[in-house]
Every structure is written in C-alpha cells, then in structure tokens.
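The values are calculated or read from the model by the stated rules, or taken from the named source; none is laboratory data. What you see is a predicted model; the values in this text were computed from it and never measured. Neighbour counts run over all protein chains shown; Cβ positions are idealised from the backbone, glycine included. The accessibility values were calculated without ligands, DNA or RNA, using every heavy atom of the protein model including side chains. Shrake-Rupley method; radii C 1.70, N 1.55, O 1.52, S 1.80 Å.
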Amino acid sequence: MCGLAILDGYNSALIGQFKGRSVYSLSRIWKLLQEDDMTYEEAKEYCSYNIEGSFANDNGPIFVEPLELV
C-alpha cells in the first residue's frame, strides 16, 4: 500500500483501499478510542475533529460509517 495515507495506531481499522486511497472503518476507530478510556460519544467527537478533520483534501483516507438498520 505504498503512497497511501496510513493512520498510525489504527491498522486494525484499515479495511482496504479504493482508487489509491486507504479506507478506514469509523466504528473500528471508535472502538480503539474507547479502549483508551473514552466514552462512545467522546470517541466519535475526537475522531471527527482530530482524525477525519486532519484530512480535508482529496488525497487523504476515506472513512466509512456503519449503516443503522431501522
């Protein structure tokens, strides 16, 4: 996966690549953050601001969020 934006410490959340960009599972990132003693809501907020927000360009990773079945 040479040239892909890789998030240090989140290898288990990496689920693949698409058109030369790494693809990460947000739910897996949230679980990893919760293992660091964050609540679910804290993990989602931290991820949104500090991880997803760090890649505000077209070359960064793609983050996919799980669908909620109603």
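At full extension, residue 55 and residue 69 could sit 2.2 nm farther apart than now, given 0.36 nm per residue minus the alpha carbon distance.
Seen against the Cα atoms of the chain and their longest principal axis, helix 26-35 is set at about 50 degrees. Counting only DSSP H runs of at least 4 residues, each contributing -39500 (n - 2.57), and dividing by the residue count of the chain, the helix-based mean residue ellipticity at 222 nm comes to -6500 deg cm²/dmol. Around the Cα centre of the chain, unit charges on the Cβ atoms of Lys, Arg, Asp and Glu (plus for the first two, minus for the last two) sum to a dipole of about 420 debye. Annotation: the chain has a Kirkwood hydrodynamic radius of 12.5 angstrom, from the mean reciprocal C-alpha pair distance.
Computed extension gain for residue 8 through residue 46, at 0.36 nm per residue and net of the alpha carbon distance, reaches 12.1 nm. The portion of the accessible surface of the chain made up by carbon and sulfur, rounded to a whole percent, is 49 (1.4 Å probe; DNA, RNA and ligands excluded).
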